[in-house]
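Okay, so here's the structure we're looking at.
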Amino acid sequence: MLLIDVIGRRYTGAVNFVGCSVFFLLIQVHVSQEVLTFFIFMVRGFSTGIFNFVYIYTTEVYPSSIRASGLGTSSTCARVGAMITPFLAQVLLDASLSAAVWVYACICFVCAAMAALLPIKTKGRALPQIVT
């Protein structure tokens, strides 16, 4: 949460996506149970940071008149993704643990680039009130 005010919303999202990706990849390394638990905890922590970034950024980008619709649509897409992920993970885990981890890590890397390239900087900007 501190990064959001220091480096801005977009770069905070990118940092969280990269961190999540790195710790996804580290899950493959043969380590003790405690270290593996730490890696999984870090993936969860960075993914929580990602959700914080998404909700803060979207509320600052959408004007008040359509903010609820925008957040509702975003939330719906997130929930659909959350429903599909266990099925995707199960199929990939049956094939290979590395394949499953690399898919999620690559998606996080792509999302990091997309977050860094978002077109609107919202740090210090007034919330839009109307659609222009």
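If I4 satisfies all but one of (1) open to solvent by less than 30 Å² (accessible area, probe 1.4 Å); (2) closer than 21 Å to P128 by Cα; (3) within 13 Å of the chain's Cα centre (by Cα), what's the number of the condition it fails?
That leaves (3) as the condition not met.
Determine, yes or no, whether T76 is under 30 Å from Q129 (Cα atoms), among the β-branched types (V, I, T) and open to solvent by 60 Å² or more (accessible area, probe 1.4 Å). Full working, then the answer.
Values: under 30 Å from Q129 (Cα atoms): yes; among the β-branched types (V, I, T): yes; open to solvent by 60 Å² or more (accessible area, probe 1.4 Å): yes.
Considered against the rule, which asks whether it is under 30 Å from Q129 (Cα atoms), among the β-branched types (V, I, T) and open to solvent by 60 Å² or more (accessible area, probe 1.4 Å), T76 comes out as yes.
Search segment 19-35 for residues that are under 26 Å from V110 (Cβ atoms) and open to solvent by 60 Å² or more (accessible area, probe 1.4 Å) and pair each with any residue that is of a type outside the set (G, A, S) and modelled with pLDDT under 95 when their beta-carbon atoms are under 6 Å apart and the residues are at least 6 apart or on different chains.
From residues that are under 26 Å from V110 (Cβ atoms) and open to solvent by 60 Å² or more (accessible area, probe 1.4 Å), the pairs are Q28/V101.
List, please: which pairs have Cβ atoms under 6 Å, are six or more places apart or on different chains, and start with a residue in segment 81-100 that is farther than 18 Å from V29 by Cβ and end with one that is open to solvent by 90 Å² or more (accessible area, probe 1.4 Å) and basic (K, R)?
Partner pairs satisfying both residue conditions: none exist.
I need the full set of residues from segment 79-102 which are farther than 30 Å from G8 by Cα, surrounded by 15 or more Cβ atoms within 10 Å (Cβ to Cβ) and within 18 Å of the chain's Cα centre (by Cα), in order please.
A100
Which residues, counting only those in segment 103-132, are assigned to a helix (DSSP H, G or I) and open to solvent by less than 60 Å² (accessible area, probe 1.4 Å)?
The first filter runs over segment 103-132 and keeps only residues assigned to a helix (DSSP H, G or I), leaving 103-116.
Selection gives V103, Y104, A105, C108, C111, A112, A113, A115, A116.
The values are calculated or read from the model by the stated rules, or taken from the named source; none is laboratory data. Values in this document were obtained by computation on a predicted structure and should not be read as measured data. Glycine gets a Cβ as well: all are built from the backbone with ideal geometry, and neighbour counts include every protein chain shown. Accessible surface is based on the protein model in full, side chains and every heavy atom, while ligands, DNA and RNA are left aside. Shrake-Rupley method; radii C 1.70, N 1.55, O 1.52, S 1.80 Å.
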